[in-house]
1. Which ones in the stretch 177-199 are open to solvent by 70 Å² or more (accessible area, probe 1.4 Å), assigned to a loop (DSSP other than H, G, I, E, B) and modelled with pLDDT of 95 or more?
2. Determine, yes or no, whether residue 59 is modelled with pLDDT of 95 or more and in contact with a Gly (Cβ under 8 Å, 6 or more places away or on another chain).
3. For the stretch 1-32, give me each residue that is loosely packed, with under 13 Cβ neighbours inside 10 Å and of a type in the set (A, V, I, L, M).
4. Identify, from the list 127, 110, the residue that is closer than 13 Å to residue 75 by Cα, at pLDDT 95 or above and not small (Gly, Ala, Ser).
5. Out of the residues in the stretch 155-176 that are within 16 Å of the chain's Cα centre (by Cα) and closer than 20 Å to residue 101 by Cα, state the one that is most open to solvent (accessible area, probe 1.4 Å).
6. Considering only the stretch 110-121, I want to know if a residue exists there that is touching a residue at least 24 places away in the same chain (Cβ under 8 Å) and acidic (Asp, Glu).
7. Please indicate, with yes or no, whether at least one residue in the stretch 83-103 is assigned to a strand (DSSP E or B) and open to solvent by 40 Å² or more (accessible area, probe 1.4 Å).
8. Taking the condition open to solvent by less than 30 Å² (accessible area, probe 1.4 Å), outside any loop (DSSP other than H, G, I, E, B) and in contact with a Phe, Trp or Tyr (Cβ under 8 Å, 6 or more places away or on another chain), does residue 152 pass?
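The values are calculated or read from the model by the stated rules, or taken from the named source; none is laboratory data. Note that the coordinates shown come from a computational prediction; the quantities given were computed from them, not determined experimentally. Neighbour counts are summed over all protein chains in view; Cβ atoms, including those assigned to glycine, are modelled from backbone coordinates with ideal geometry. To get the accessible areas, we keep the full protein, side chains included, count just its heavy atoms, and leave off ligands, DNA and RNA. Shrake-Rupley method; radii C 1.70, N 1.55, O 1.52, S 1.80 Å.
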Amino acid sequence: MNFNEFFWLREPKSYKLDNGLLEVVTNPNTDLWQRTYYQFCNDNAPMFLIETDAKFFSFTVKTNFSDSKVRFDQCGIVVYLDAENWLKGSVEYENEKFQHLGSVVTNGGYSDWATTEISPQLKTMWYRLSRRNDDFCIECSFDGKEFAQMRICHLQKALGKIKFGVYACSPENSSFKAKFSNFSITDCMWKAHDGQKPDEQ
């Protein structure tokens, strides 16, 4: 992995990149969210990104969020086109009883949020993000070997170059250290659909 090709969008106040391990200390009151339900717009989360015009690829990374402790503390993968068009996948701390493993897709300035509750004892998660043109698949794994589908989605503006990578943020008045490792970019692991044929355009 050539980390010289990565860049910060909204560089955090504190981070360290050494031997393939990225550690990010989140800033309080940082988030990515647009309008839906909450009716507010937040677009200030730090992101460590790389740009590509490749239409087919997979990006894999391991996250460690053992230091998260306040509601909505989160770190994970992200595709970021602009403030109103992006997607993210992460584990968000909720309380001592559960966390949320979930994803957010934002098209045209409106976010959704798909989640499932997981044990608060889980402190690491692998993600694999795959692109096929302007469609994306987010998968997760507990061991980096067996991946399970979280979501298939569409980004309306992902027509050419896109920016993708990792992010970490603390929407409330908190801060924690997020760790990212085992970065890899490979050929697309999300295979073409082998069932019903596409409708004719």
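1. 187, 189
2. Numbers: modelled with pLDDT of 95 or more: yes; in contact with a Gly (Cβ under 8 Å, 6 or more places away or on another chain): yes.
Yes.
3. Listed by number, the list holds a single entry, 1.
4. Values: 110 fails: closer than 13 Å to residue 75 by Cα.
Step by step, each of 127, 110 is checked, and only 127 is closer than 13 Å to residue 75 by Cα, at pLDDT 95 or above and not small (Gly, Ala, Ser).
5. Restricting attention to the stretch 155-176, the residues satisfying the condition of being within 16 Å of the chain's Cα centre (by Cα) are 155, 158, 162-171.
From what's left, closer than 20 Å to residue 101 by Cα: 164-171.
Working: 164: 4, 165: 0, 166: 2, 167: 3, 168: 3, 169: 0, 170: 0, 171: 31 Å².
Once the filter is applied, the top-ranked residue is 171.
6. Looking through the stretch 110-121, at least one residue is touching a residue at least 24 places away in the same chain (Cβ under 8 Å) and acidic (Asp, Glu).
7. Residues of the stretch 83-103 that are assigned to a strand (DSSP E or B), as a first pass: 85-93, 99-103.
Now restrict to residues that are open to solvent by 40 Å² or more (accessible area, probe 1.4 Å): none.
The answer is no; no qualifying residue exists.
8. Numbers: open to solvent by less than 30 Å² (accessible area, probe 1.4 Å): no; outside any loop (DSSP other than H, G, I, E, B): yes; in contact with a Phe, Trp or Tyr (Cβ under 8 Å, 6 or more places away or on another chain): yes.
No, not satisfied.
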